[in-house]
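Coordinate-derived values only; no laboratory data. Bear in mind the structure is a predicted one, so any value in this text is a computation, not a measurement. Methodologically, a virtual Cβ is constructed for each residue, glycine included, from the backbone with ideal geometry; neighbour enumeration extends over all protein chains shown.
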Amino acid sequence: MSRYTVAVLVNNQFGVLNRVTSMFRRRQFNISALTVSETETKELSRITVVFDGEDDAKQQLINQLYKLPDVCSIKEFTDDNSVSCELLLIKMKNEASSREEIRGAADAFGALTVDYSKDYVMFRLTDTTRRIDDFINLMRDYTILEICRTGSVSLEKGSSTIRQIINL
């Protein structure tokens, strides 16, 4: 089983996200990350989906997505052809016994302190999914109070854009 990242450019309409994600459900793909936002124009939204599956089934899914009336274009991303990152907010218990170790780990990963009190410290980290996973695993040695992370966002390298392959 492989992990795939696909961006789907859609008309910014009510119900489109449900129709797109329902296609993944019907094909029995488990979505591990999902991000949605308006694009450079408010008429279009970009849905980035990270999911696991087999290559043949992934291609069938993409073919089915193209049949949805609000889907304008689809782009598959790989590590070689794209830049991807995600955002993590992590709230740690602020204890004197572990404060310096936690701060040292955060500095080593490039995490920024975004909120601080005598009870907790909150960090923000923007990086690849793997680096964020590594940071979280390191923080598990201490007391994690809460985690919130986005899904992956990806753009293709080079001057090509997803809008250049619009399927209207």
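Things worth noting here:
- For the chain, size of Cβ-based charge dipole, Lys and Arg +1, Asp and Glu -1, in debye: 500 debye
- Trypsin sites (Lys or Arg not before Pro) restricted to DSSP loop in region 63-100 with at most 12 other C-beta within 10 Å: Lys67
- For region 100-131, the list of trypsin sites (Lys or Arg not before Pro) that fall in a loop by DSSP and count at most 14 other C-beta atoms within 10 angstrom reads Lys118.
- Note on the chain: dipole from Cβ charges, positive end direction compared against Ile62, Ser2, Ala105; the farthest Cα belongs to Ile62.
- Rounded to the nearest 20 debye, the dipole magnitude of region 83-153 is 100 debye, with +1 charges on Lys and Arg beta carbons, -1 on Asp and Glu beta carbons, and the Cα centre as origin.
- Taking every lysine pair in the chain that is 8 or more places apart or spans two chains, those with Cα atoms closer than 20 Å amount to 7.
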